[in-house]
Amino acid sequence: GVAAVPRTKPMTTGVIFVHGIGSQKQGETLLQWSAPIIEVITDWKRWFVRRPELVRDPVEAARIDFSDDRPTIDLSIPAATVGKREFPEARWILTESWWAAKVEPPALSTMTSWLGPQGGAGQIVTAILGNRAGTHVVFRAAVAPFVSVLAGLVLSIYTLVRGVTALIPIKAVSDAAILRAFDEFLTGWFGDVRILVYDPAQSANIRAGLAGAIRKLHEVDHVDRVVVVAHSGGAMVSYLTLTDPVYADLKVDKLITFGEAWNLATTLTPPARGLGDRLRMDITNRTHPMLWRDYWASHDPAPAGVARTSEIPGGGANPGRVRSRLVWNRRSLLDDHGTYFENDEEFTLSVLREIDCPESWGETAEGERPRSRFYPTPPGNDVESSPPVDQRERRHRERVAILALWRQLAIALPVAVITAVLASPTRLTEIGRFAVAPLKAIPILNDIGTVVIDWLRSLQAPPVQVFQVWLPDAVNWLGLGTLQAIVLISILQLTFAPVTAYEAWSTDDWRRRLFIAAEVAIGFALVVATLPLILTPDHGRLLGTQWGWWPGVVLTIATIAFAWVGSTVPKAWPSTTRLFAGGAVVVFTAAMASAVLAIFERPDLEVGELGYAVIWICFIVLYKLGVGRWTQWDRIERRMAYRESPNVTVRRRSVWLSMIGFTTVAAALSLWFLDPDVALVGLSIERWVVAAGVALIGAAIVLGSVDWKGAENVISSPGAVESARGKV
């Protein structure tokens, strides 16, 4: 007989996940990050591997007992023919380098001193806001220093609060849950950053953990290639490990970072301080050749832009071995850092390609055969003002653009409405009374509210009255100015920090022009709402002009100037940092105290502040409803992206109807808050507008059920793997 041909052993790639700063549990990162990867591979097999004997589930084995420091998941990647190229069978071994338990956090006093008086928080915020691409120069020069100083101020105040609570003998007070949670945030979250760059012994211990995980992949699993995938602070751990001369023999073929904190670490650590010299060693100059693929989201505060390899002395890293790619997650400072694995088209699919090609880049240049078996695509477009070439990525950015504009509108509208309503001496109070009327009908709530308000009004008794007798005009002016300045600074931020959602479309696309017009209209509406307010005569409620100036304008300018001086002078004279922080605490405390006095000095102004809260709550609820509708649409189009061809037909009629419907309801809310008495055919006009908006949303839901019927039915029955998706 003919001897059987032995089966060729598939190439094995070891993949190590390195989590970021925080208190992750053992095995948590491996499960969360592997879930979206497994999900995409599962659907990829349906389109590209049409062999009925193969199960769709790619997981061969998993060894995760949540106590072993080396959990693993084995994936079988079948052979496939993609773009007339044959790809052989492959095997991936996924594991993690868990370092959260290898950290002994610094003392609370150390952290509050570093982040507060020593200016660490100011450096972080300045780096985050100042390095954002596309941010208006006015925002960088004015608002960024203000936020920077405010962050340092909060830490200084917290230090004082903690000092007072430490003197209180009652344990329930000194160990209050909210204080302990903030303690853990400072020492556990920011503490990890400080340890990595300023504690040589602990940093070396963390590096040893990652180096050991890499060695075990080679010595125990006998892998052919190793890829390290790191997020946030994990990128700092990986960078420091792979540039450490002690581990020069480590064989790593590719480093994949996303939301990296390396940029931030170099900002916080000059070359002559801490581990600043290690952070700036050339990671591409290793004994074993290695590629570094970096992903950064447009509004992610950690990287705050492209990986700044220019920090590396001697001309920087080898540009042929580093690629730093821009992606759109949510275009939000709050959400971008934690939503990478919810960005399938630009991130998850790209990471799969990079793991599949450990010794080269995963993209396929135009005219070449596919380099990777996973959804071949041309190189990404790193010019933020232009849409990507790949249709999957383009559709994703268009969805994010709609979400970003809706978020901006949901914030700008209540700010504009509140600004316009303040010009009326009674309207804000009327809104507050309208909201509190149902509560007054409940006797116990009415009694509690009366007691609380009476107690707050009693604050006018000595020693408060003594304070007001000494400086009555100054207290009144500062209190009113503080309330007004909060509104003005919000307007300034919204006007000079647009979301530029229109960049999802090309310059000749009508949707780009539509979104530009919408963003211009938002800024114009804010200005229009502000001018009448400033010009309105003093009506004795919130427009006191004791010294002939509208106090909010004066205080806003003074605050920005104060913040700018406080963020620039200490750079030249570091000894002034603590002095400025102390002065800021005094000014901030006086402003807040004066604002409270101003509210409860005027009749019914506390009810007006309730009206202020009602406006915000209504728009927040409407925003959440819109985001819920957007999430369903996003899930459906993400599933469509897993198909073989990127050029699938998508129908978005329901999306546009939903946009118009939710915007119409928002307009109706605005009309009612401004003037509830405008009528049309016997009914108040806002009711007609609400009815129209609700009808449009209902029509969008019906139309969507028809248009998306052929897509995956992920609304009623999401995939089992999708339900386990990670948080980053």
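How do H288, H19, H222 stack up against each other in accessible area, from largest to smallest, with a 1.4 angstrom probe?
H222, H288, H19
At a Förster distance of 22 Å, what's the computed FRET efficiency of A558 paired with I516, Cβ-Cβ distance as r, to 0.05?
The calculated FRET efficiency here is 0.05.
Quick check: residue separation of D57 and V565 times 0.36 nm, minus the Cα distance between them. What number comes out in nm?
176.9 nm
Can you grab the distance from the C-alpha centre of segment 218-282 to the C-alpha centre of segment 379-420, Å, no decimals?
Computed from Cα coordinates, the inter-centre distance equals 33 Å.
Under 5 Å between amide hydrogens, which residues at least 5 positions from V15 or on another chain qualify, with H placed 1.01 Å from N in the peptide plane?
So V15 has HN proximity to I93, L94, T95, V227.
Name the shape class, rounded, prolate or oblate, that the alpha-carbon gyration tensor gives for segment 226-332, where a ≥ b ≥ c are the square roots of its eigenvalues, rounded holds for a/c under 1.5, and otherwise prolate holds if a/b is larger than b/c and oblate otherwise.
oblate
How much FRET efficiency would the formula 1/(1 + (r/R0)^6) give for D335 and V528, where r is the Cβ-Cβ distance and R0 is 41 Å, rounded to 0.05?
0.90
H218: net charge of surrounding residues, Cβ under 11 Å, Lys/Arg +1, Asp/Glu -1, itself excluded?
Neighbourhood net charge equals 0.
Which FRET efficiency, nearest 0.05, do T287 and F66 yield, Cβ-Cβ r, R0 41 Å?
0.70
Once the piece of chain linking E366 and V587 is laid out straight, how much longer is it, given 0.36 nm per residue of separation minus the C-alpha distance between them?
73.5 nm
Taking a point 7 angstrom from the Cα of D277 along the C-beta vector, which residues in segment 230-257 have backbone N less than 13 Å away?
Those under the cut-off are 245.
Rolling a 1.4 angstrom probe over the protein chains, ignoring ligands and nucleic acids, what is the accessible area of I620 in square angstrom, nearest 10?
90
Taking a ≥ b ≥ c as the square roots of the eigenvalues of the Cα gyration tensor of segment 297-398, is the shape rounded (a/c under 1.5), prolate (a/b larger than b/c) or oblate?
It comes out oblate by the Cα gyration axes.
Is segment 62-105 rounded, prolate or oblate when judged by the Cα gyration tensor, a ≥ b ≥ c being the square roots of its eigenvalues, rounded requiring a/c under 1.5 and prolate requiring a/b larger than b/c?
Verdict is prolate for segment 62-105.
Given a 1.4 Å probe and heavy atoms of the protein chains only, how would you sort V702, V650, largest accessible area at the top?
If we order V702, V650 from most to least accessible, we get V702, V650.
The values are calculated or read from the model by the stated rules, or taken from the named source; none is laboratory data. For clarity, every value in this text was computed on a predicted model and none was experimentally measured. In this analysis, Cβ positions are derived from the backbone assuming ideal geometry, glycine residues included, and neighbour counts consider all displayed protein chains. Surface areas here come from the heavy atoms of the whole protein model, side chains and all, with no ligands, DNA or RNA. Shrake-Rupley method; radii C 1.70, N 1.55, O 1.52, S 1.80 Å.
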